[in-house]
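The block underneath contains the structure these notes are about, expressed in structure tokens.
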Amino acid sequence: MRVVIADDAFLLREGLARLLTEHGHEVVAAVGDGTTLVEAVVAHRPDVSIVDVRMPPTHTDEGLRAAVEARRLVPRAPILVLSQYVEVSYADDLLATVNPGPGAGGGIGYLLKDRVAAIDEFLDALRRVAGGGTVLDPEVVGQLLVRRRRDDPLRELTPREREVLGLMAEGRSNTAIARALVVSDGAVEKHVRNIFTKLHLPPDDEQHRRVRAVLTYLRG
């Protein structure tokens, strides 16, 4: 994959670059501020960008706002955002950039920085975001669900179907969901079909329907 890294912390930026290079990926740009991130995404059209939420000058949400701007200029540009803490509003802003219509692609991830230490899982999440998936940290998913509406669009789902959809929101494949729930792949496929039916998602591209189902789950 061709990757852009945006983080104002030199050591983390260089560490990510070395990690990616060692695993066969090409870092086409490594930058330390939001403005340069946007320029790099527009210039290089990377397969995925890794972006720290907090960057200069105020170290609040410059990275996030730059990621949203990059998605505006390069629609569906895959972005994996890293954050020190869970900020639900940041996840909301990222999800708002996902087009739920025809030709939709997720290409969005929001992970806590601690997850980078689990190298294989981190690289897997990066690949899934690059492939158009939506990958959210379990802690982010949990906090988003606290705000569910009374007229919950998922009210028709069974507890098991909600559990499956929650794992989908974390970006897990059917096989990974089956392992987590200790059930067969076939059982998970059946639950996924039921979820699509109950959420009134007509036959379409599988990835497209998964993105739409996850958006329904998180936006409530």
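The values are calculated or read from the model by the stated rules, or taken from the named source; none is laboratory data. Only a predicted model underlies this, so the values are computations on that prediction, with no experimental measurement involved. Cβ: placed from backbone, ideal geometry, glycine included. Neighbour counts: every protein chain shown. Please note that ligands, DNA and RNA were not included when accessible areas were found on the heavy atoms of the full protein model with its side chains. Shrake-Rupley method; radii C 1.70, N 1.55, O 1.52, S 1.80 Å.
Quick notes on this one:
- Estimated vicinal HN-Hα couplings, Hz - the stretch 175-185 in sequence order (Karplus 6.51, -1.76, 1.60; Gly, Pro = x): 5, 5, 5, 4, 5, 5, 9, 6, 9, 7, 4
- For the stretch 15-101, the Cβ-based charge dipole about the Cα centre amounts to some 200 debye (Lys, Arg positive; Asp, Glu negative; other atoms uncharged).
- Close amide-amide hydrogen proximity is noted between I5 and A29, A30, V31, I50, each under 5 Å apart and 5 or more residues distant or on a separate chain (H modeled in the peptide plane; Pro and chain starts excluded).
- This model, with +1 at the C-beta of Lys and Arg and -1 at the C-beta of Asp and Glu, gives the stretch 7-64 a dipole about its Cα centre of some 80 debye.
- Structure-based [θ]222 nm, the chain - -39500 (n - 2.57) summed over DSSP H runs of at least 4, per residue, nearest 500: -15500 deg cm²/dmol
- Placing a label point 7 Å from the Cα of Q143 along the Cα-to-Cβ line, the residues of the stretch 61-75 whose backbone N sits under 14 Å from it are 61.
- The charge dipole of the chain, taken about its Cα centre with unit charges on the Cβ atoms of Lys, Arg (+1), Asp and Glu (-1) only, comes to about 820 debye.
- Accessible area of S89 (1.4 Å probe, protein heavy atoms only, ligands and nucleic acids ignored): about 60 Å².
- Net length available on complete extension from A176 to R65 is 36.8 nm, with 0.36 nm assigned per residue and the Cα-Cα distance removed.
- Ordering H44, M55, A66 by Cα displacement along the dipole of the stretch 1-113 toward the positive end leaves H44 in first place; charges were set at the Cβ atoms of Lys, Arg (+1) and Asp, Glu (-1).
- Residue with peak Gaussian network fluctuation, the chain [Cα springs, cutoff 10 Å], from V42, V53, V183: V183
- Neighbourhood net charge (13 Å Cβ-Cβ; Lys/Arg +1, Asp/Glu -1) for K190: 0
- From phi via Karplus (6.51, -1.76, 1.60), per-residue ³J(HN,Hα) for the stretch 68-85 in Hz, x at Gly/Pro: 5, 5, 4, 5, 5, 7, 10, x, 6, 4, x, 9, 10, 8, 10, 9, 6, 10
- Couplings 3J(HN,Hα) for the stretch 21-38, derived from phi with the Karplus relation 6.51 cos²θ - 1.76 cosθ + 1.60 (θ = phi - 60°), are 4, 5, 9, x, 9, 10, 8, 7, 7, 10, 10, x, 8, x, 4, 5, 4, 4 Hz, where x marks Gly and Pro.
- Between E163 and T58, the simple spin-label model (points 7 angstrom out along Cα→Cβ) gives 4.3 nm.
- The label point for A187 and the one for T36, both projected 7 Å from the Cα toward the Cβ, are 5.1 nm apart.
- Placing a label point 7 Å from the Cα of D92 along the Cα-to-Cβ direction, the residues of the stretch 47-61 whose backbone N falls under 16 Å from that point are 61.
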